[in-house]
Amino acid sequence: MSRLTAMRVTAWLLTATGVAFGLFTIVFGIVGPDQEIHAVHNAVVASLLLVLTAPPMIAVARAPERAIRPLVILAALTVAGLAAMAMALTPDPFILPVLVLIGVLWWLAPNREGAVPPGRWSLVMMVLVLAGAVLLLPYAVEQAGFQRTDQTSDHATFFHWVEMACTATGIVLVGLVAALRPATFRLATWCAGLAVAVLGAASVLFAQHASALAPPWSWAAFVGGLAFIAVGEWEARRSAQDGQLQP
């Protein structure tokens with residue numbers, strides 16, 4: 001089996017598993033008994049799988065010979081996952097195997113050039129990322145602390161606290177990737193923006209449940225996520241127009 005074939009098989013396997021588990025989380029969260037208390041967790045864990053992880057994984061599976069840019073997004077998520085588990089002092093048996101296989105994908109990649117391509121960064125997007133970091137990184141530390149100290153609840157049993165910490169940290173890091181090169185990492189823009197919007201929306205809808213952001217920060221996350229996507233698209237299109245105008 002060639003390296004490209006191994007990459008394609010591994011990426012499609014991870015995609016299928018993640019999408020299946022993400023959809024199961026949504027359905028079980030709706031129809032499962034006693035799942036209301038996990039409403040925010042189920043929505044955000046589903047977004048971790050379906051919004052943050054699946055799109056770059058699909059990009060790797062479809063074109064492993066040009067996988068370096070989606071692999072950068074997955075690398076940011078790997079750092080987020082390792083940081084969350086370190087803060088929580090808890091290895092998540094669902095997250096950890098995925099992170100290991102992302103490392104395998106990096107090892108199999110035939111070409112690692114252009115991980116940080118030339119281009120300009122976005123001041124507006126960077127400001128939004130820093131604002132998000134002020135909100136989300138303390139939140140991630142808090143959630144990881146709950147996983148570290150909670151020995152009895154179902155939230156701890158299902159590793160919800162550490163997964164919330166992973167998602168919050170991942171949003172910041174993937175958003176940073178997008179802000180550094182908005183014209184190149186449009187996928188990162190959409191992944192980070194939609195994920196933080198889901199966190200905000202879930203917090204608005206289920207404000208009394210565990211891990212919900214308090215208002216007005218829940219609304220700020222929702223609106224900020226959509227604004228991040230809008231600014232990223234504007235930056236990407238402006239860069240494309242500038243490139244067309246150059247001789």
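Structural remarks
- Pair list, Cβ < 7 Å and 6+ apart or interchain, from the stretch 78-94 residues that are under 12 Å from HIS160 (Cβ atoms) and among the acidic types (Asp, Glu) to residues that are part of a loop (DSSP other than H, G, I, E, B) and modelled with pLDDT of 95 or more: ASP92/PHE159
- Whichever residue in the stretch 134-150 is touching a helix residue (DSSP H, G or I) at 6+ places or on another chain (Cβ under 7 Å) and under 18 Å from PRO216 (Cβ atoms) and, among such residues, is most open to solvent (accessible area, probe 1.4 Å): LEU135
- The residues of the stretch 178-195 that are within 17 Å of VAL60 (Cβ to Cβ) and buried (at least 24 other Cβ atoms within 10 Å of the Cβ), listed by number, are PHE185, ALA188, CYS191.
- Among the residues of the stretch 23-60, the ones that are more than 19 Å from THR169 (Cβ to Cβ), of a type outside the set (S, T, N, Q) and out of contact with any Ser or Thr (no Cβ under 6 Å at 6 or more places or on another chain) come to 17 in all.
- Residue list for the stretch 10-42, restricted to those being assigned to a helix (DSSP H, G or I), within 28 Å of SER218 (Cα to Cα) and open to solvent by less than 30 Å² (accessible area, probe 1.4 Å): GLY18, GLY22, THR25, GLY29, HIS38, ALA39, VAL40, HIS41, ASN42
- Residues in the stretch 133-165 that are assigned to a helix (DSSP H, G or I), of a type in the set (D, E, K, R) and over 15 Å from the mean Cα position of the chain (by Cα): GLU142, ARG148, ASP154.
- Residues of the stretch 122-160 classified as more than 25 Å from VAL72 (Cα to Cα), touching a residue at least 24 places away in the same chain (Cβ under 8 Å) and either touching an Asp or Glu at 6+ places or on another chain (Cβ under 7 Å) or among the basic types (Lys, Arg) (or both), total: 2
- Residue check for LEU96: at positive phi and either among the small types (Gly, Ala, Ser) or more than 10 Å from the chain's Cα centre (by Cα) (or both): no
The values are calculated or read from the model by the stated rules, or taken from the named source; none is laboratory data. Bear in mind the structure is a predicted one, so any value in this text is a computation, not a measurement. Neighbour counts are summed over all protein chains in view; Cβ atoms, including those assigned to glycine, are modelled from backbone coordinates with ideal geometry. When the accessible area is computed, the model is the full protein with side chains, heavy atoms only, and any ligands, DNA or RNA have been set aside. Shrake-Rupley method; radii C 1.70, N 1.55, O 1.52, S 1.80 Å.
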